[in-house]
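The values are calculated or read from the model by the stated rules, or taken from the named source; none is laboratory data. All of these numbers come straight from a predicted model, not from anything done at the bench. When we count neighbours, we look across all protein chains shown, and the Cβ atoms used for this are built from the backbone with ideal geometry, even at glycine.
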Amino acid sequence: MSGQIIEFSKMQGAGNDFMVIDAIRQTIDLSSAQIQQLANRHFGIGFDQLLMVEQYTGEDADFRYRIFNSDGSEVEQCGNGARCFARFVYEQGLTQKTTIPVMTKAGRIELRLQADGQVTVNMGVPQLEPAQIPFKAAQRQTRYELALNEQNIHLSAVSMGNPHAVLRVDEVDIAPVAEWGAAIETHPQFPQRVNVGFMQVLDSAHIRLRVFERGAGETLACGTGACAAVVAGRLLGILAESVSVQLRGGNLQIQWLGEGQPVWMTGPAVTVYRGTISV
């Protein structure tokens, strides 16, 4: 153990929970094993993802936004985390702006603090070509067939800066989220693994969604998963431009005007507590 004392905030967005660390005003050096220890809900802080606020030296963003799953792996994007990131840098006095450009591993995104406490995030333009997701397929399709456990299933594949598979189900409460989620996450056609969403369409403006996240398992909410589900539903012709996504931890509002346009996500971001821990 290195004996670092780390100041942090525990935050949540629609039940997707995070440990958020200011790595600008304190020096942070965490190994994958230390992140796993911090993520342990019995012996550590407990979280779905660790979010790191770092300095960014370019002119096109104010901060670097890094995301680590509870298994210690670094990932490209996290939408619920992005809202918490915006709330954190504002509350901590790292910025006085209410529109905050940040750089992720997947590229630049824009965060907007709303007067009612909600946060809106420009999640960028979804990537739909198989090579960009990445997903092994001969050509782009609206729905793909995937061999899974001696049966063929149909899913959509979308990247929101991170890869997503979206399956339409009749009843999300009884969908095989744990079994199919784990199998699809590590399916060889997804070379960087994949987040798996199970979408129940209530009507063109309302869906229910459960997400099995890559490196984390099922979470109470997944912002990029909500975005990917709405993109998939729009491409299938079954969803409107603005959709309320009901997740187990709360609701998100997703808007997508269509191909070539960015996806906008609005939802809550709440500080639960602040603390210090030695690692």
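What tally of residues in segment 242-270 results from selecting those that are in contact with an Asp or Glu (Cβ under 8 Å, 6 or more places away or on another chain), outside any loop (DSSP other than H, G, I, E, B) and either among the hydrophobic types (A, V, I, L, M, F, W, C) or assigned by TED's automatic domain parsing to the domain that holds Ile45 (or both)?
1
Based on this model, can you work out whether Leu239 counts as farther than 17 Å from Ile133 by Cα, free of Cβ contacts under 8 Å to residues at least 40 places away in the same chain, surrounded by 21 or more Cβ atoms within 10 Å (Cβ to Cβ) and not assigned by TED's automatic domain parsing to the domain that holds Gly46?
yes
For Glu59, all conditions in the list (1) without any contact (Cβ under 8 Å) to a residue 12 or more places away in the chain; (2) surrounded by 11 or more Cβ atoms within 10 Å (Cβ to Cβ) hold save one; what is the number of the exception?
The failed condition is (2).
All but one of (1) in the same structural domain as Arg66 (by TED's automatic domain parsing); (2) in contact with a helix residue (DSSP H, G or I) (Cβ under 6 Å, 6 or more places away or on another chain); (3) not hydrophobic (A, V, I, L, M, F, W, C) hold for Thr142; which doesn't?
(1)
Tell me, yes or no, whether segment 165-172 has at least one residue that is loosely packed, with under 15 Cβ neighbours inside 10 Å and in contact (Cβ under 8 Å) with a residue 12 or more places away in the chain.
Initial filter on segment 165-172 (loosely packed, with under 15 Cβ neighbours inside 10 Å): 170-171.
From what is left, the residues that are in contact (Cβ under 8 Å) with a residue 12 or more places away in the chain are 170-171.
Among the residues of segment 165-172, at least one is loosely packed, with under 15 Cβ neighbours inside 10 Å and in contact (Cβ under 8 Å) with a residue 12 or more places away in the chain, which makes the answer yes.
Hey, can you tell me all the residues within segment 83-111 that are under 17 Å from the mean Cα position of the chain (by Cα) and either basic (Lys, Arg) or closer than 13 Å to Ser159 by Cβ (or both)?
Scanning segment 83-111 gives Arg83, Arg87, Thr104, Lys105, Ala106, Gly107, Arg108.
Filter segment 24-56 down to the residues that are within 21 Å of Ala106 (Cα to Cα), part of a loop (DSSP other than H, G, I, E, B) and either β-branched (Val, Ile, Thr) or without any contact (Cβ under 8 Å) to a residue 40 or more places away in the chain (or both) and list them by number.
Ile24
Does Leu202 qualify as being hydrophobic (A, V, I, L, M, F, W, C), within 17 Å of the chain's Cα centre (by Cα), surrounded by fewer than 24 Cβ atoms within 10 Å (Cβ to Cβ) and farther than 17 Å from Val121 by Cβ?
On the way: hydrophobic (A, V, I, L, M, F, W, C): yes; within 17 Å of the chain's Cα centre (by Cα): no; surrounded by fewer than 24 Cβ atoms within 10 Å (Cβ to Cβ): yes; farther than 17 Å from Val121 by Cβ: yes.
No: the conditions fail for Leu202.
Hey, Leu167 hits all of (1) part of a loop (DSSP other than H, G, I, E, B); (2) in contact with a strand residue (DSSP E or B) (Cβ under 9 Å, 6 or more places away or on another chain) but one; which does it fall short on?
Evaluating Leu167 over (1) part of a loop (DSSP other than H, G, I, E, B); (2) in contact with a strand residue (DSSP E or B) (Cβ under 9 Å, 6 or more places away or on another chain) leaves (1) as the failure.
Return a yes/no flag: does segment 188-204 have any residue that is of a type outside the set (Gly, Ala, Ser) and at pLDDT below 95. So that I can check it myself, show each step before the final result.
First, the residues of segment 188-204 that are of a type outside the set (Gly, Ala, Ser): 188-196, 198-203.
Filter once more, so that each one left must be at pLDDT below 95: none.
Checked against the condition, which is being of a type outside the set (Gly, Ala, Ser) and at pLDDT below 95, segment 188-204 yields no hits at all.
Looking for something touching a residue at least 40 places away in the same chain (Cβ under 8 Å), over 14 Å from the mean Cα position of the chain (by Cα) and either under 24 Å from Pro176 (Cα atoms) or in a loop (DSSP other than H, G, I, E, B) (or both) - is there at least one such residue anywhere in segment 210-228?
No - not one qualifying residue is present in segment 210-228.
Please list, ordered by residue number, the strands (runs of 3 or more DSSP E) wholly in segment 101-158 having 1 or more residues that are more than 19 Å from Gly197 (Cβ to Cβ) and at pLDDT 95 or above. Let's see the steps before the verdict.
On the way: elements: 107-113, 119-122, 144-148.
Output list reads 107-113, 119-122.
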